[in-house]
Structure formats: C-alpha cells, structure tokens
Amino acid sequence: MEALEQTNQVEGTVSSLIFQNEENGYTILRLDVKGEEITVVGTMPGVSPGEYLAVEGGWVRHATYGVQFKAETVERRLPQGLKEIYHYLASGAVKGVGKATARLLLEEFGEEALTVLEEHPEQLSKIRGITPKRARQMSEAFRQQMGMRRLIEFLGAHQLPLELAVSLRRSYGDVALEVLKANPYLLVNEEYEVEFSQADALALSLGVGPEDPQRLEAGLIFEMAHNNVNNGHTFLPHRKLVEATSALLEVSGELLEECLESLIQRGELEEEPVAGQDGIYLPALYEAECFIARRIGEMSRAELCPPEDLDRVLGQIQSRQHITYAPEQRRAVELAAQRQVMLLTGGPGTGKTTCLRGVLALFETMGLETALSAPTGRAAKRLGELCGTEASTIHRLLETGFDPQTGRLVFTHNSYDPIKADAVIVDETSMVDVPLMAALLDALEGDCRLVLVGDPDQLPSVGPGNLFGDLIRSQVVPTIRLTEIFRQAAQSAIVRNAHLVNRGEVPNLRKNDNDFFFLYRRDPRGAVETIVDLCRRRLPERLGIPADQIQVLSPTRRRGTGTGALNQALQAALNPPLEGKGERRFGDWVFRAGDRVMQVRNNYDILWREEGGLRSGMGMFNGDIGVIRSIDGEVITVDFDGKAVEYSPDMLGELEPAFAVTVHKAQGSEYRAVILAALEGAPMLMTRGVLYTAITRAKELFIVVGDEQTVERMVANDRQTRRYSGLRSRLVKEK
C-alpha cells in the first residue's frame, strides 16, 4: 500500500460496512461523498450505515483493492433528515429495530424519532406492536450506541486512540465515559497501554490539580506497575519509589508519603520488609511471590519413595538409550525419583538433555503421566524433538483465554481444575517469570512432581522476578548442577567458547575453528553487507545451510547494526519484491509474502489451523516465528511451523520482521547457524550475558561479525541489572 496524497478530509454518509472488528473497532466501510462512494479504513468503533462522518487522513493505494482513504481522525454526526435517519435505523444499528419498525417510527415521530428513542421511550408504545418492554429494550440499545459515540468523541477531542473506546466499554459498560472523566489515570492500566504523560495531560485538562491526591496516587501506582515490572522487579524499595514518583510528578516527597500510606491502608499496595529492604509490592506480585515460596518450600521438604528396584530400572533405561550415565547425571535421575521438586542446571555440553530423557523414561516406567513444557513455542518444539514426545508451552499447558469482562488473561487450569499430570518437566526455566510460575504451581495436583531445567547464566525473564536464579541461590530446592563437559561436546568451539565467555575469558577470535568464526568489520555498513552476503550466498553455497536455517542476532534494535537496519537489508536480499508477490505496508515496514516474521505479544484468542484443517486451536505467543505464506487483500496468512494464522489489518502491530531479532527475543530457541552483529550498542545491552546467550543459540555454526574490542568489552561487562526480588529470602524462611 502506498501513499497518494498529503493529509486530506472527506465527508459523507456511511452507505455500508464491509468489515468491522468488534474487539478493537477496526473498520472498512463505504462512504457516500456527494454521490460518489469511496472506501474508508481505520479505527471507527460502533459506526453504522446512515451516519455522517467527517474523516481526516490520507489516500493510499492498496495492491488488491485500489484507492482507499485511511482514517486518522473521525468526527461523527447523527443522521439528519428523514432519508438518513431511515437508512440508519433500517441498517440494524439499533438492536430490535429493522426496516419495518424504522418506517413506523418515522411515520409517527418524523425527524424527532432519534430523540424519542433516547429520551422518551414511553412514547414508543404508541406504535401498534411495540409493547412497553420492547420500547425499553429499543431505547436501551440506542442509548448504548449514543454512549459509545460520546465516548469516541471525547477520546478524539483529547487526541487519544479511538480503539480505547471498545476496551473502556468492555470494562465499564454504559458509564465508561463518566468513569473515565472521574479517573483519567485508569488509562495507564495494562489493558489500555496509554502513556502516563497522556493520561496526566487529560486529567490536568479536566481540572485535576498538580497536588491532587488522585494524581499523586496514580503516579505511585504507575511507577510500581510500569517502571517496576518492566525492569524485572517484584517490589521497589520505599525510598526509591518515592524518589522516582517525585521526579515524575515534580512534587515533594512529603506529599507522596501521605498518599503511599493511604494506598497501603486500602490494600492497593503491600508493604513488607524483605531482602534487607522496606519493600513496596503490587498486590498480585506480592501474592504470587509468597505463594511460590510457600508451595516450593512444601514440595522441597517432601521426600518420596523411589522404586524398590531403582538400580535395575536405571540400568534398563541406559541400555535402551545406549548410554552410560556420568555420576552427576545418575544422581539427577535418582533425585527425580526421590523428591517432589528438583532443579537441573548446567551450561552447554554438560548433558542436560541426556538427564531429561532419563527422567522422562523413569517417570514412564513408574507409570506417571508426564507433561513437557517450555516458556516459548520454539523452546517447546525443541524440547519435544530432543525427548521424542510432545511438548507444549506453559501457557498452552495451562490453557489460556481472556476474561470477557476484563479482557485480561485467565488460565483454565488452577487449583479448582488442575492439570491432568503426575509430573511436569519445564525446560528453559530461566525465562519463566514470577506470575507464570505461580500460575503453574497453582494448577498442579498436590502430589504432582516438578522438574525445572535451565541455565541461570542466560538472560533472565522479560517479566518480573529472577525466579530460576533465586531458586538456585536459596539452596532450599534439591539441585543438580552439571559441570562436566563431555568429550564430544568439548570438540565444539561453540561449547568451549561459551564456557570461556561465561567465566569472563575472551575467546581466541583470531583462531577460526570448525564451528566458531570471527569476521572483523570496523564500520556498520561493512558489517551489514557481510552479514547479508553470508546469508544470501556464502553459507548456503559453501556449507549447504539455507538462509531459512540461519538466524541473525543483534544486541540492539537501533543503530547501524541493530535489527531494524539488518531486517531492511536482509529482506531486500533474501525476499525482494516480485510481480505477483503480495505486499502490505504497516508503519515503516512492508510485509511481503515469504518474509520471516515474529509474533511480538501474547494473543490468547487468535485462531490457528494446522495444514489440512485437521486440528485448530487458540493462542500465539511472544517470540513465535513464522513465514508469511500469502497476502490476500486485507489478510496476511502466516505459517508458524504448520499452524496457519490469519492477520487482519488491525492485528499487524503484533508482527515484526524476523530475518534479524534481538538476542533477548532469541532466548529459548536453537538455530542451525547463528550470526551475531557485535559492533555497537548501549552498555546495558553489550554484556557478557547477552554474548553467552547468543553463542548458546547456535547448534552447528556461530559467526561473530564486528570488532574484537566490542567482543572484549562484552566479555568484561558482567553488568547485571539489579532486580528487586524477595523470593530467595522467602524461600530461606520456608526452609
């Protein structure tokens, strides 16, 4: 889709709706502009045929549907005149009113029909066939329409996204506008995702004073919910919370102390000394952290009776799997037989997979129904392939969906409806955050076994907490740490160098080995050109590794070797435009059939279908990578490892190009070949943990493109952003 003209305005009457997404208000409609019909697309929730719209936006050309007008702002006017009013009512916009009833209303009330509908429903029963009950129902339906209209007008007047109207109505119903005016700061809640500065500006414009307690309390909650959670904390120290909020709102700390105390007394925040700090928690995170400590503590103390013939069983497993366990590996499998919960950790090449297979075989021999899971789809697929059985994401194991009242995530399985499993094995546990672990533990039967596997030296979870690290460092949970690098793995330079980096030692970059290479490039342009050549020509032709099995990584999204620049260059080289190849522009990116893309947020109610339509299900998750198979008009179809998902235009914000992704996004995945751009980035991103995580994503080949000094700085930079978490100290208390 390409722009045709500068911003413009069109006015006219809606003649028909082509498409309308009730979840977010994205609409495609036909607008009658002085007798000529045009197609208008954009966020226009609740719009109905017969309405008069004044739309500002711009003309664009769609590859399939031709010229369209893309709406940026929309002003709505109620239908005027008998013709417009009839068209509006006859369209079915008002529940209970069709063509026949619309005609009767106009015959009785003329141009006052809409006023009667909203303000004098008792007069409707004058019409034969309309009972008082039906009159009330018709009036209520129309008032709902008017409520949505006024809410949209209010949002538009304050330069707020119109799609908020759908979410607000879902949360607050007919009184959404009144609730919003009474508390504009509710917009910063997770489900609305409005910047605090926008909500603050709205509140101030509505007469909220700079030192109003409502504003001060909203600022405190915002700092907790956004700056806290987004930085991985489960709590904030009292002093830091007050200081940060004081800077945000430009008010004194003394005023904030009073409001903070009020929030704590009302239960909207929790305060408790923890980990040597006077900690302030959001209630949900406080409850989750306490629950994990209590449940893991109970499970850690539980000792189970192993099979009487455990030695014979382990001998049979080793014989079937054609292996002989090293002492640490045998201890790991034995521990799984004896304890309800255990941790298994170790770096690359130390035999975690061998242990996992052994534990799974042991559980099967014991007659236990075992569920395998991982935080991401790619990690779950890899786990299933390694263990030769089905594995799922934790979210799918819990069966996720939306609460229609709140629009928030809910899990089907919990303490009232537990998972049907005798044992659960979770891989890549370092990626699991506190809320997700609490939900998993809540869904386990009382005697269910739990095996948590991971590498604590990889990057921590994106969400709040430092769960896996806290579990290990607490020394409360039975733990096996594998340290021996086996001979076959030791032959891999990927494995050897990963361990060197983890110990703070710089690999010998001048010694290009069989599976680990360094290509020196001084400037970003040269680095990008080299990476493109590796993907397009050198690796496919010389090593037989096709481009779709190579993953380019970067520590950063921005700058010359960030994922933004790399994706542009890689798309141009690997998937250039061709006649007949579908395209669709979204923001700065042109999606094209054949592109590799990533789902970048959890969407629990998106429908997928397997090839052939034999199976279907709900939910795609942050980090899932697929390929665009087709672009048919407004719909982009993406294939996620055999699961086909259709994306309408309003959903494209959930997709990003994935020829190159950040190291953080690659967690839990393994690729045949990995190329890391190591040239520039913010110090907080150019760290040892990022480099170690990048190296351990490669299965057969790892290539660094950049300069030696950058790699050396990354190895030396063992900076780990401190996360305020009370789980470790709570576990110790449970011991």
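So which residues in the range 279-295 are farther than 17 Å from N414 by Cβ and part of a helix (DSSP H, G or I), if there are any at all?
Of the residues in the range 279-295, the ones farther than 17 Å from N414 by Cβ are 279-283, 285-286, 289, 293.
P283, L285, Y286, E289, A293, listed by residue number.
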Original post:
In the range 304-343, what count of residues is obtained for those that are under 17 Å from L368 (Cβ atoms) and among the acidic types (D, E)?
Top reply: 3
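Here's the yes/no breakdown for (1) in contact (Cβ under 8 Å) with a residue 60 or more places away in the chain; (2) under 21 Å from R169 (Cα atoms):
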position: S48; (1), (2): yes, yes
position: W59; (1), (2): no, no
position: G66; (1), (2): no, no
position: E84; (1), (2): yes, no
position: K95; (1), (2): no, yes
position: V116; (1), (2): no, no
position: K133; (1), (2): no, no
position: M138; (1), (2): no, yes
position: Q145; (1), (2): yes, yes
**OP:** Scan the range 355-413 for residues that are of a type in the set (S, T, Y), at pLDDT below 90 and within 21 Å of G668 (Cα to Cα) and jot them down.
**Re:** T376, T389, S392, T393, T400
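A quick yes/no check of all residues on (1) at pLDDT 80 or above; (2) of a type in the set (D, E):
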residue	(1), (2)
I38	yes, no
S48	no, no
E56	yes, yes
W59	yes, no
Y65	no, no
R76	no, no
Subject >> Checking R615 against (1) open to solvent by 20 Å² or more (accessible area, probe 1.4 Å); (2) under 22 Å from the mean Cα position of the chain (by Cα), the condition it does not meet >> reply: (2)
**OP:** Would you check which residues across the range 66-105 are in a helix (DSSP H, G or I) and open to solvent by 30 Å² or more (accessible area, probe 1.4 Å) and list them?
**Re:** L82, K83, E84, Y86, H87, K99, A100, R103, L104
Original post:
Failed condition for V116, given (1) more than 28 Å from the chain's Cα centre (by Cα); (2) closer than 14 Å to P45 by Cα; (3) crowded, with 16+ Cβ neighbours inside 10 Å; (4) of a type outside the set (S, T, Y), with all others met?
Top reply: (2)
Original post:
When the range 441-468 is examined, which residues are found to be part of a helix (DSSP H, G or I) and buried (at least 22 other Cβ atoms within 10 Å of the Cβ)?
Top reply: L467, F468
**OP:** Read through the list (1) under 15 Å from the mean Cα position of the chain (by Cα); (2) in a helix (DSSP H, G or I), then give the number of the only condition that N622 fails.
**Re:** (2)
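Among the residues that make up the range 36-45, is at least one of them open to solvent by 70 Å² or more (accessible area, probe 1.4 Å) and hydroxyl-bearing (S, T, Y)? If you could, list the steps in order and put the result at the bottom.
Taking the range 36-45 and keeping what is open to solvent by 70 Å² or more (accessible area, probe 1.4 Å), we get 36-37.
Checking the rest, the ones that are also hydroxyl-bearing (S, T, Y) come to none.
No; the residues of the range 36-45 include none that is open to solvent by 70 Å² or more (accessible area, probe 1.4 Å) and hydroxyl-bearing (S, T, Y).
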Subject >> Condition broken by G156, with the remaining ones in (1) crowded, with 21+ Cβ neighbours inside 10 Å; (2) touching a residue at least 60 places away in the same chain (Cβ under 8 Å) satisfied >> reply: (1)
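For every residue, the table says whether it meets (1) more than 29 Å from D470 (Cβ to Cβ); (2) surrounded by fewer than 18 Cβ atoms within 10 Å (Cβ to Cβ); (3) among the hydrophobic types (A, V, I, L, M, F, W, C).
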| position | (1), (2), (3) |
| --- | --- |
| A244 | no, no, yes |
| E258 | yes, yes, no |
| S262 | yes, yes, no |
| G267 | no, yes, no |
| G276 | no, yes, no |
| G279 | no, no, no |
| E289 | no, no, no |
Subject >> Some residue of the range 636-654 being open to solvent by 40 Å² or more (accessible area, probe 1.4 Å), closer than 22 Å to G66 by Cα and at pLDDT 85 or above >> reply: yes
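The values are calculated or read from the model by the stated rules, or taken from the named source; none is laboratory data. Note that this is a predicted model, so its numbers are computed, not measured. Neighbour counts run over all protein chains shown; Cβ positions are idealised from the backbone, glycine included. The area values use the complete protein model at the heavy-atom level, side chains included, leaving out ligands, DNA and RNA. Shrake-Rupley method; radii C 1.70, N 1.55, O 1.52, S 1.80 Å.
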